[in-house]
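The values are calculated or read from the model by the stated rules, or taken from the named source; none is laboratory data. Note that the structure is a prediction, hence the values are computed from the model and not measured. Cβ placement follows ideal geometry from the backbone for every residue including glycine, while neighbour counts extend to all protein chains displayed.
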Amino acid sequence: MSIVGRKSHPEPELEPEGAGDARASGLPSRRGRPARLSRQRIIDAVLSILEREPNGVPTIASIAREVEAVPAALYRHFESLEDLFDCVMAGILEASQTRPDGDEAWPQQLERWMSDLRAHLLRYPAILAMIGRSGRTSPAWLDASSALVDILGRAGLSGRELAATYLWVLETTVGLVMQEAMLPLVDQIAQARASRRDFSTTARERFRPIERVIEEIDGEAFFSFAVEQAIAVVERKAAARAKAGNPT
């Protein structure tokens, strides 16, 4: 996975602050001096938008409205929208436990990494659309996912097996979260139940062994099951590698 170099983003001609700015941005005229604009205030504004509209990717215009400034003013603090999103994503992921605790065994580290990533992606699902904008992968995302390589390396994996397992765990985690964000498991089951009368006879017979117990599984329980399976797979691979490297 490589990072594509950032494209240069020419800084637009800035407009003078004042009533003209307010008219250009569509903001109402206000008396008094506005709050000082800063990088952190802009980042906080993006987070506020994501809290209100978790599935939408903020635009320069919407962010500018949030901080009561003209769009051009944002470029005094960030090179581009991608630069701003990188900082937002870094703030979200750095607040998580995506960095392994050296005092924990690798299975606990893996469980924590997967669970914590799920929690943050469910809270801000729009960041999934912010990861690979403009032909480049966000460095903040790669930094967070690199911790997974470290965890799997501690389990004893290396080389191609380490790379393949890293991709499998990462893609599985993200895929499950994307599905859960779009349609929670309880809703999936409820909708399946609603269409049960339209099942074919064959499908109804196939589902009969699980139709009651499946309703006892919620999103948390299912993700815990996925974590258990990931740990079991890594344990088997690590044991096989150790056996191959230490023949008796």
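Can you give me the ranges of the helices (runs of 4 or more DSSP H) entirely in the range 1-115 with at least 3 residues that are under 30 Å from residue 149 (Cα atoms) and modelled with pLDDT of 90 or more? Give the steps one after another, and end with the answer.
Details: elements: 19-25, 39-52, 60-66, 71-74, 81-94.
In the range 1-115, the matching helices (runs of 4 or more DSSP H) lie at 39-52, 81-94.
Considered as a group, the residues in the range 123-140 that are in contact with a helix residue (DSSP H, G or I) (Cβ under 6 Å, 6 or more places away or on another chain) and buried (at least 16 other Cβ atoms within 10 Å of the Cβ) include one that is farthest from residue 59 (Cα to Cα), and that residue is 140.
Which of the following residues is surrounded by fewer than 15 Cβ atoms within 10 Å (Cβ to Cβ) and more than 23 Å from the chain's Cα centre (by Cα): 175, 245?
Numbers: 175 fails: more than 23 Å from the chain's Cα centre (by Cα).
Just a single option satisfies the conditions, and that option is 245.
Does residue 176 fit the bill of being in contact with an Asp or Glu (Cβ under 7 Å, 6 or more places away or on another chain), assigned by TED's automatic domain parsing to the domain that holds residue 237 and aliphatic (A, V, I, L, M)? Considered against the rule, which asks whether it is in contact with an Asp or Glu (Cβ under 7 Å, 6 or more places away or on another chain), assigned by TED's automatic domain parsing to the domain that holds residue 237 and aliphatic (A, V, I, L, M), residue 176 comes out as no. Residues in the range 147-167 that are touching a residue at least 60 places away in the same chain (Cβ under 8 Å) and surrounded by fewer than 17 Cβ atoms within 10 Å (Cβ to Cβ): 158, 161. Taking the range 202-220 on its own, how many of its residues are surrounded by 11 or more Cβ atoms within 10 Å (Cβ to Cβ) and in a helix (DSSP H, G or I)? Residues that pass the stated criteria total 8. Of all residues in the range 199-212, none are within 30 Å of residue 166 (Cα to Cα) and either out of contact with any helix residue (DSSP H, G or I) (no Cβ under 7 Å at 6 or more places or on another chain) or not aromatic (Phe, Trp, Tyr) (or both).
Within the range 49-86, the residues that satisfy the criterion of being closer than 22 Å to residue 117 by Cβ and either among the acidic types (Asp, Glu) or surrounded by fewer than 18 Cβ atoms within 10 Å (Cβ to Cβ) (or both) are 51, 53, 54, 55, 56, 57, 82, 86.
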